[in-house]
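Before any comments, here is the structure.
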Number of protein chains: 2
Amino acid sequence: MLNYSTSEENYIKAIFHLQEANETVSTNALAQELLTRPASVTDMMKKLKTKKLIHYQPYQGFRLNTEGKKVALGIIRRHRLWEFFLSEKLKFEWGEVHEVAEELEHVSSKKLIDKLDEFLGYPKFDPHGDPIPDVHGRMEDHERISLFDLPLNVYAEVCHVANQSTEMLDLLKHKSIAIGTKLEVKRKFDFDNSLEVKIRQQSPVTISEQLAKNIFVKYGS
Amino acid sequence: MLNYSTSEENYIKAIFHLQEANETVSTNALAQELLTRPASVTDMMKKLKTKKLIHYQPYQGFRLNTEGKKVALGIIRRHRLWEFFLSEKLKFEWGEVHEVAEELEHVSSKKLIDKLDEFLGYPKFDPHGDPIPDVHGRMEDHERISLFDLPLNVYAEVCHVANQSTEMLDLLKHKSIAIGTKLEVKRKFDFDNSLEVKIRQQSPVTISEQLAKNIFVKYGS
DNA sequence: ATATATTTTTAGATTTGTCTAAATATTTAT
DNA sequence: ATAAATATTTAGACAAATCTAAAAATATAT
């Protein structure tokens with residue numbers, strides 16, 4: 001596996017995430033995601049094409065090819081393992097891990113990452129509930145459903161949070177909701193689509209539609 | 001504290017190390033240390049001067065000023081804490097930690113380093129026996145003496161190894177010598193200046209002059 | 001279908017860190 | 001003290017990654 005620059009890695013990762021939503025990624029979308037200019041994106045796409053990581057025809061959008069996806073999964077593996085480390089071992093708050101992991105993920109030693117993985121006990125999910133690719137790029141893909149769509153009186157566990165803004169994390173903290181929190185929806189109010197949610201061993205809390213749609217859970221007690 | 005580029009940090013660190021030996025650092029010496037060209041060094045020295053990190057008059061050599069030393073100690077702190085982490089937690093071999101720490105040291109989050117320090121239990125020395133600066137840049141400065149200069153029948157503890165080549169580390173491993181090894185010199189042979197060294201709870205081993213001069217110890221059992 | 005708006009690409013400039021080759025300053029040796 | 005050797009700096013070029021402004025391609029709306 002070749003080595004890529006920090007900048008190349010950031011582009012690869014962003015394409016990977018964007019192409020989960022849309023089949024093909026546009027110049028503008030990528031520029032917006034990376035807070036850069038469309039012209040810079042075009043420049044980099046030419047480079048990634050000559051390095052055989054993406055499919056790209058001018059004006060046609062682009063997407064990672066098999067090799068590009070492999071590279072992306074390696075970067076995501078590094079990112080999520082560091083997030084787990086920061087949260088679990090260094091006791092960082094939820095909201096703080098991402099920024100630091102953005103830097104750590106570009107340290108390229110394969111041995112470092114594999115030993116870190118071992119040290120952490122081969123974790124399967126990061127603190128935001130996202131799956132961590134293993135050494136072969138494989139990851140568990142737990143069935144996710146938004147809290148808003150969870151049927152009444154069904155036990156579930158929070159496994160992902162879509163939005164990571166400070167405001168959102170503040171609110172979650174206030175409601176005592178985190179990855180791993182076990183809960184069930186007791187009532188749904190048609191007036192404003194708010195939910196009454198019972199968190200295991202706590203009194204019920206009210207969750208707005210907007211918040212519920214950003215919290216993802218998996219079934220099971 | 002401002003942020004510096006990876007390249008700037010490498011120059012700062014190299015100047016710090018070189019000026020421990022010589023009062024003032026020369027362009028050529030720094031170029032050799034960093035495997036770069038003298039012209040590149042001059043370019044960077046101009047930059048570090050405008051950033052007020054070094055004293056520098058053309059043709060006169062250079063050295064870090066107070067602020068430059070503070071920055072250098074910050075980088076060295078990061079480097080040595082990561083070395084400790086790699087060795088202690090991830091079980092890297094002695095000889096492998098340096099290269100990876102060279103990359104990790106440039107991740108700039110202060111909070112990361114302070115939390116890492118806490119997680120590691122505020123270690124005072126890295127795996128090579130070099131002191132780790134604390135959060136204020138202070139470090140313990142244990143009296144070091146080369147094993148070759150250690151008087152006969154005096155207890156001492158290995159605290160530093162000057163040379164980190166694979167060959168050297170191989171030899172040390174074979175002789176069962178590592179940082180923290182307690183030992184005393186039982187005899188010195190004038191013919192070849194070799195030493196007979198008794199390692200605590202082991203049979204005596206022979207150490208060549210060359211090896212003994214690269215092993216540093218502090219007094220005490 | 002054609003004009004308008006949007007998206008994407010190109011052309012050329014900028015910054016950082018590096019280089020080579022040539023010029024200049026300093027040191028060393030006779 | 002002066003020539004030769006060495007060390008350092010300058011001048012100008014280059015690669016990577018970015019930018020602005022303008023041109024070209026594509027999409028949209030009447």
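The values are calculated or read from the model by the stated rules, or taken from the named source; none is laboratory data. Being a predicted model, the structure only gives us computed values, none of them experimental. Heads up, the Cβs are rebuilt from the backbone with ideal geometry, glycines too, and the neighbour counts pull from every protein chain shown. The accessibility values were calculated without ligands, DNA or RNA, using every heavy atom of the protein model including side chains. Shrake-Rupley method; radii C 1.70, N 1.55, O 1.52, S 1.80 Å.
Among the residues of the stretch A:140-161 satisfying the criterion of being part of a loop (DSSP other than H, G, I, E, B) and free of Cβ contacts under 8 Å to residues at least 40 places away in the same chain, which is least open to solvent (accessible area, probe 1.4 Å)?
Ranking the qualifying residues of the stretch A:140-161, first place goes to A:P151.
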Practice problem: With respect to B:F125, determine if the residue is without any contact (Cβ under 8 Å) to a residue 40 or more places away in the chain, open to solvent by less than 70 Å² (accessible area, probe 1.4 Å) and not assigned by TED's automatic domain parsing to the domain that holds B:I177. | Solution: no
Quiz prompt | Given (1) in contact with a strand residue (DSSP E or B) (Cβ under 9 Å, 6 or more places away or on another chain); (2) surrounded by fewer than 17 Cβ atoms within 10 Å (Cβ to Cβ), number of the condition A:V25 does not satisfy | solution = (2)
Quiz item: A:I54 passes all but one of (1) without any contact (Cβ under 8 Å) to a residue 24 or more places away in the chain; (2) within 13 Å of DNA strand C (Cβ to nearest atom); which number fails?
Solution: (1)
Quiz item: Where residues in the stretch B:128-138 are open to solvent by less than 70 Å² (accessible area, probe 1.4 Å) and in a loop (DSSP other than H, G, I, E, B), which of them is modelled with the lowest pLDDT?
Solution: B:G129
Quiz item: Does B:L35 qualify as being away from DNA strand D (no atom under 11 Å from the Cβ), open to solvent by less than 70 Å² (accessible area, probe 1.4 Å) and modelled with pLDDT of 95 or more?
Solution: no
Exercise. Give the number of residues within the stretch B:1-20 that are without any contact (Cβ under 8 Å) to a residue 40 or more places away in the chain and farther than 22 Å from B:S108 by Cβ.
Key: 2
Self-check item: Only one of B:E88, B:E23, B:E33, B:E83 that is within 30 Å of A:E105 (Cβ to Cβ), within 16 Å of DNA strand C (Cβ to nearest atom) and touching a residue at least 12 places away in the same chain (Cβ under 8 Å)
Solution: B:E33
Quiz prompt | the stretch A:48-100, subset open to solvent by 50 Å² or more (accessible area, probe 1.4 Å) and of a type in the set (K, R), residue nearest to DNA strand D (Cβ to nearest atom) | solution = A:K51
Quiz prompt | From the options A:D117, A:D141, A:D126, residue that is within 14 Å of chain B (Cβ to nearest Cβ), under 20 Å from the mean Cα position of the chain (by Cα) and over 27 Å from A:S194 (Cβ atoms) | solution = A:D117
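Could you grab me the full set of residues in the stretch A:3-22 that are within 10 Å of DNA strand D (Cβ to nearest atom) and exposed (fewer than 15 other Cβ atoms within 10 Å of the Cβ)? Walk me through how you get there before you give the answer.
Of all residues in the stretch A:3-22, those within 10 Å of DNA strand D (Cβ to nearest atom) come to A:4-11.
A:S5, A:T6, A:S7, listed by residue number.
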Exercise. Mind listing just one residue for me: the one in the stretch A:166-193 that is touching a residue at least 24 places away in the same chain (Cβ under 8 Å) and among the small types (G, A, S) and, of those, least open to solvent (accessible area, probe 1.4 Å)?
Key: A:A178
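Determine if the stretch A:101-114 includes at least one residue that is within 30 Å of A:E184 (Cβ to Cβ) and either open to solvent by less than 60 Å² (accessible area, probe 1.4 Å) or within 14 Å of chain B (Cβ to nearest Cβ) (or both).
So in the stretch A:101-114, the residues within 30 Å of A:E184 (Cβ to Cβ) come out as none.
No, that holds for no residue.
Going through A:S221, A:S208 one at a time, which residue ends up being at pLDDT below 90 and open to solvent by 30 Å² or more (accessible area, probe 1.4 Å)?
Just a single option satisfies the conditions, and that option is A:S221.
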